[in-house]
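The next block holds one structure in the form of structure tokens; read it before the comments.
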Amino acid sequence: MPTQTSTFKSKSLLKQIGEYLPEEKSVQVEEALKYAFECHKGQKRDSGAPYIEHPLNTALLLADMRLDATTLCAALLHDVIEDCEVSIDELTTRFGPDVSKLVDGVTKLTRMEINEGNTPSILTFEDRLNVETLRKMLVAMAEDIRVVLIKLADRLHNMFTLNFLSPERQKAIAQETLDIYAPLAHRLGIWDIKWQLEDLSFRYLKPLEYRQISKMISIKRIQREHVVGELTQVLLDELVKMGVKSEVIGRVKHIYSIYQKGKKYSELGKTINDIYDLYAIRVLVNTNSDCYQALGVIHNLWRPIPGQFDDYIANPKENLYQSLHTTVMCKGTIALEVQIRTHDMHHLAEYGVASHWRYKEGFANDVRFEEKMTWLRQLLEWPRDIVGTDEFLESVKTDIFRDQVFVYSPKGDVKELPAGATPLDFAYRIHTELGHRCVGAKVNGRLISLDYQLKNGDSIEIMTTKIAKGPSLDWLNSNLGYIHTTSARNHVRQWFRKQRRGTNIQTGRDLIRKESKRLNMRIDERDMATLFKVDSGEEFLLAIGSGAITINQVINKLTAEEPKVIYNRPIQTRLISPIPGISVLGVDDILTRIGKCCNPLPGNEIIGFITRTKGITIHKNICHSVQTEDEPERFIEVQWNQKQQLYPVSIEIHGHDRVGLLSDITAKLSAEGVNIATVSTKENTDGGATISLTIHISGLKQLSRLFTKLETIRGVTNTNRITIRVKE
């Protein structure tokens, strides 16, 4: 028997679709609803609730987007093949081929065969299953994007009921959601689903930080509402005076976005006040011209902050998003974020591609929508040639799910690349041969290095050689930053794979010898072959020489053996960083100071007090100042960080003697956050110089990265680690 909850939700669904679907289409959805009830009769979810509530909630989420009847029917029936043993033929007979095709598409996302490809895999079975699910999902998007819309709604409801699973399953599903489903919703422009998936995932992955930020939002809510309400009224009055019809509303910051902004701000040396005193409002108007008029009113009222304006109306994002963004200073010290958009733009911002779905009633031939969705098909072209699941996952994360930059080709064509992309990424995106022949680049008419990170609006020209020499293996070294996208990296790897086997084996051997000498440790190719699951040491060297395995991956494998592998003969004394840091809401390096009234030490229970100008003061919980404070809303939870373990390592740097060499070396070490304990220099008879240093590092990864960075300094010929022999 249907429960009271499922009956109520059924009525809500039918009422909701009746407001925008024709009567015959509503009847079709009602028939699918009845059939779903019949199929799932007697089935329960892990929560104990009737199973029918899951497809019902999935359909309700899609009805909020005002999706078509076919999508809603498929949402109601998306589990009947998997859980009720209903055949595709039966669904086709009852509801037509369109519905059965969508249901089949959603079902196939969870029925994947593992194809490990030809490259050595470092993923677990479960990881590869997730990767293949994602690959299938992207293919499904190309065929019919409604499959993915159903899957996103399905995942969102599952996240709402995640508390009924084991902690291990909760974390695994939350991580997959944060890595794959939330970024996918973002790329499709479905903000309403994206932020919910992020917050729900964050709740299970970092519960402490989630509770702390939630508490802070609650504490500051009254103050925030008062300020935003006051500013909203001032702006509304001014807009009315200028004849602009508008709706001005306060915009809520979501928990995960606050956490992300907290990490970003701490890297810039900003305090917690910079993060949480940033208020936000949204202005909704009727026309595009009203948007720009409202912008003029806002900039006339308050001083705009330089560099904080974006026009996504004139230059829409590829996921269809349009809006004006600006940040202004109000009342002297309050930074106010403002978004200005039309009501149609707002609906599009919340529901993305679902707002323009071409199968909605009345929009069967939406050519404009088809043109706008070209970006999706282009995205699917990039990883098409990648066989191995490891490379595919890397490609999706870097090439598809990262923020994008837009640059211009010499002909004025706009090209989209992931943030952090370089001239080589651009060259390989245009044509493989252009990348192979690239020897330099000009950006905005100026020569730049190949590791330059492209910025929005850059005009780029690739310089090539007439003689095809091919790419350099250095381009695959992530420490050097020449290539950012996996699609470009894969083209380079393919070029090396086509070279002669003997040459690649010798190249691999030379690279391993060089790294062994630099790190002063033995790297046995047979042991590495076992770690990378290749047939022999020779095959491992072949993979290194062809770029299928990089030195960075080798170092990552070796770090699993730290400190046994790295710090032997002799085992060196471990250095503990002297002052443990303070973590505020899980974010390190936020400006803090120790309260002189109680001088807390590591081990004491502590609390933070948000000052107006000096960051956060740390007190003991039992401090008299804490007990007598008359503004308790300014207290915040803090905790001692774990002490960082550092290791002293002696290194030598050889190079051509010149003025400023030592200065450049110390500057490079400082930029990498490395502390120098001792330094000595020696002039050689051949005009060279040897610089010996003792530095404190966190591990092998950092040491390898340092050597790569140091060897880019002008005049440096090689670097290596030295072992100082001590008497027993």
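The values are calculated or read from the model by the stated rules, or taken from the named source; none is laboratory data. A quick note: this is a predicted structure, and the numbers were derived from the prediction, not measured. Backbone-built Cβ (ideal geometry, glycine too); neighbour counts: all protein chains shown.
For region 56-89, the candidate set comprises residues that are among the polar types (S, T, N, Q) and within 33 Å of the chain's Cα centre (by Cα); within that set, the residue that is nearest to Gln28 (Cα to Cα) is Thr70. In this entry, Thr422 passes the filter for residues that are buried (at least 22 other Cβ atoms within 10 Å of the Cβ), touching a His at 6+ places or on another chain (Cβ under 9 Å) and in contact (Cβ under 8 Å) with a residue 12 or more places away in the chain.
Name the helices (runs of 4 or more DSSP H) wholly inside region 469-562 in which the number of residues that are of a type in the set (Lys, Arg) and free of Cβ contacts under 8 Å to residues at least 60 places away in the same chain is 2 or more.
Numbers: elements: 486-497, 501-519, 525-532, 537-546, 551-559.
Counting at least 2 such residues, we get 486-497, 501-519.
In region 652-681, the residues that are without any contact (Cβ under 8 Å) to a residue 24 or more places away in the chain never reach a residue that is of a type in the set (Gly, Ala, Ser) and outside any strand (DSSP E or B) with C-beta atoms less than 6 angstrom apart, at least six apart or across chains. Within region 207-231, the set of residues being of a type outside the set (A, V, I, L, M), under 14 Å from Ser257 (Cβ atoms) and surrounded by fewer than 18 Cβ atoms within 10 Å (Cβ to Cβ) comprises Ser214 only. Among the residues making up region 449-468, those that are in a loop (DSSP other than H, G, I, E, B) and touching a helix residue (DSSP H, G or I) at 6+ places or on another chain (Cβ under 7 Å) are Leu450, Tyr452, Leu454, Ala468.
Restricting Glu198, Glu132 to those that are among the acidic types (Asp, Glu) and at pLDDT 80 or above reduces the list to Glu198. Going through (1) at pLDDT 90 or above; (2) under 15 Å from Val405 (Cα atoms) one by one, Gly457 falls short only on (1).
If you go through region 683-701 and keep only what is in a strand (DSSP E or B) and exposed (fewer than 14 other Cβ atoms within 10 Å of the Cβ), you end up with just Glu683.
Remark: pairs (first residue in region 233-248, assigned by TED's automatic domain parsing to the domain that holds Thr342 and touching a residue at least 40 places away in the same chain (Cβ under 8 Å); second residue of a type in the set (Val, Ile, Thr) and part of a helix (DSSP H, G or I); Cβ separation under 8 Å; 6+ apart in sequence or on different chains) = Leu235/Val297; Leu235/Ile298; Glu238/Val297; Leu239/Val297; Met242/Val297; Val244/Val297.
The residues of region 34-67 that are part of a loop (DSSP other than H, G, I, E, B) and closer than 13 Å to Val80 by Cα, listed by number, are His40, Lys41, Gln43, Tyr51, Ile52.
Conditions tested, residue by residue: (1) of a type in the set (Val, Ile, Thr); (2) in contact with a Ser or Thr (Cβ under 8 Å, 6 or more places away or on another chain); (3) assigned by TED's automatic domain parsing to the domain that holds Leu77; (4) surrounded by fewer than 24 Cβ atoms within 10 Å (Cβ to Cβ).
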position: His157; (1), (2), (3), (4): no, yes, yes, yes
position: Leu162; (1), (2), (3), (4): no, no, yes, yes
position: Ile173; (1), (2), (3), (4): yes, no, yes, yes
position: Tyr181; (1), (2), (3), (4): no, no, yes, no
position: Arg187; (1), (2), (3), (4): no, no, yes, yes
position: Lys194; (1), (2), (3), (4): no, no, yes, no
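For region 210-235, a tally of residues being modelled with pLDDT under 85, of a type in the set (Lys, Arg) and under 27 Å from the mean Cα position of the chain (by Cα) returns 1. Of all the criteria given as (1) under 23 Å from Arg187 (Cβ atoms); (2) modelled with pLDDT of 90 or more, the one not satisfied by Tyr312 is (2).
Evaluated against (1) assigned by TED's automatic domain parsing to the domain that holds Val240; (2) modelled with pLDDT under 55; (3) small (Gly, Ala, Ser), Gly388 falls short on exactly one condition, (1).
Looking at the structure I just gave you, is Thr464 touching a Cys at 6+ places or on another chain (Cβ under 7 Å) and either outside the structural domain of Val407 (by TED's automatic domain parsing) or surrounded by fewer than 19 Cβ atoms within 10 Å (Cβ to Cβ) (or both)? Explain how you work it out, then say what you get.
Numbers: touching a Cys at 6+ places or on another chain (Cβ under 7 Å): yes; either outside the structural domain of Val407 (by TED's automatic domain parsing) or surrounded by fewer than 19 Cβ atoms within 10 Å (Cβ to Cβ) (or both): yes.
Here the answer is yes, as Thr464 does meet what is asked.
Every residue in region 604-621 that is touching a residue at least 24 places away in the same chain (Cβ under 8 Å) and exposed (fewer than 15 other Cβ atoms within 10 Å of the Cβ), please. Of everything in region 604-621, just one residue is touching a residue at least 24 places away in the same chain (Cβ under 8 Å) and exposed (fewer than 15 other Cβ atoms within 10 Å of the Cβ), namely Arg612.
Figure legend. Inter-residue proximity from region 160-186: first residues more than 20 Å from Arg45 (Cβ to Cβ), second residues part of a helix (DSSP H, G or I) and of a type in the set (Val, Ile, Thr), beta-carbon distance below 6 Å, spacing 6+ or different chains. Indicated pairs: Ala185/Ile193.
In the condition set (1) at pLDDT 90 or above; (2) farther than 23 Å from Leu162 by Cβ, Gly42 is compliant with all but (1).
Look at region 277-306: where a residue is modelled with pLDDT of 90 or more and a partner is of a type in the set (Phe, Trp, Tyr) and in a strand (DSSP E or B), sitting 6+ places away or on another chain with Cβ atoms under 9 Å, you get Leu295/Phe309; His299/Phe309. The residues in region 21-48 that are out of contact with any Asp or Glu (no Cβ under 8 Å at 6 or more places or on another chain), surrounded by fewer than 16 Cβ atoms within 10 Å (Cβ to Cβ) and not charged (D, E, K, R) can be counted, and the count is 4.
Taking the criterion of being surrounded by 16 or more Cβ atoms within 10 Å (Cβ to Cβ) and either within 32 Å of the chain's Cα centre (by Cα) or at pLDDT 85 or above (or both), the residues of region 496-518 that qualify are Phe496, Arg497, Asn504, Ile505, Thr507, Gly508, Arg509, Leu511, Ile512, Glu515.
Among residues belonging to region 297-314 that are part of a helix (DSSP H, G or I) and hydrophobic (A, V, I, L, M, F, W, C), point out the one that is surrounded by the most Cβ atoms within 10 Å (Cβ to Cβ).
The initial filter retains those residues of region 297-314 that are part of a helix (DSSP H, G or I), namely 297-301.
Retained after the next criterion (residues that are hydrophobic (A, V, I, L, M, F, W, C)): 297-298, 301.
Working: Val297: 19, Ile298: 21, Leu301: 15.
Looking at the filtered set, the residue picked out is Ile298.
Against the conditions (1) outside the structural domain of Pro410 (by TED's automatic domain parsing); (2) of a type outside the set (D, E, K, R); (3) in contact with a Lys or Arg (Cβ under 6 Å, 6 or more places away or on another chain), Asn479 satisfies every one except (1).
Looking at region 12-24, is at least one residue farther than 24 Å from Asp104 by Cα, in a helix (DSSP H, G or I) and within 37 Å of the chain's Cα centre (by Cα)? Scanning region 12-24 turns up at least one residue that is farther than 24 Å from Asp104 by Cα, in a helix (DSSP H, G or I) and within 37 Å of the chain's Cα centre (by Cα).
Check Glu652, Glu672, Glu633 and return the single one that is farther than 17 Å from Gly608 by Cβ, among the acidic types (Asp, Glu) and touching a helix residue (DSSP H, G or I) at 6+ places or on another chain (Cβ under 8 Å).
Working: Glu652 fails: touching a helix residue (DSSP H, G or I) at 6+ places or on another chain (Cβ under 8 Å); Glu633 fails: farther than 17 Å from Gly608 by Cβ.
The match here is Glu672.
When you scan region 174-243 for helices (runs of 4 or more DSSP H) that lie fully inside it, which ones turn up with 3 or more residues that are out of contact with any Leu (no Cβ under 6 Å at 6 or more places or on another chain) and farther than 28 Å from Met345 by Cα?
Working: elements: 182-187, 191-205, 207-241.
It comes to 191-205, 207-241.
Exactly one residue out of Glu168, Glu116, Glu90, Glu126 is at pLDDT 60 or above, closer than 30 Å to Leu531 by Cβ and surrounded by fewer than 18 Cβ atoms within 10 Å (Cβ to Cβ), and it is Glu168.
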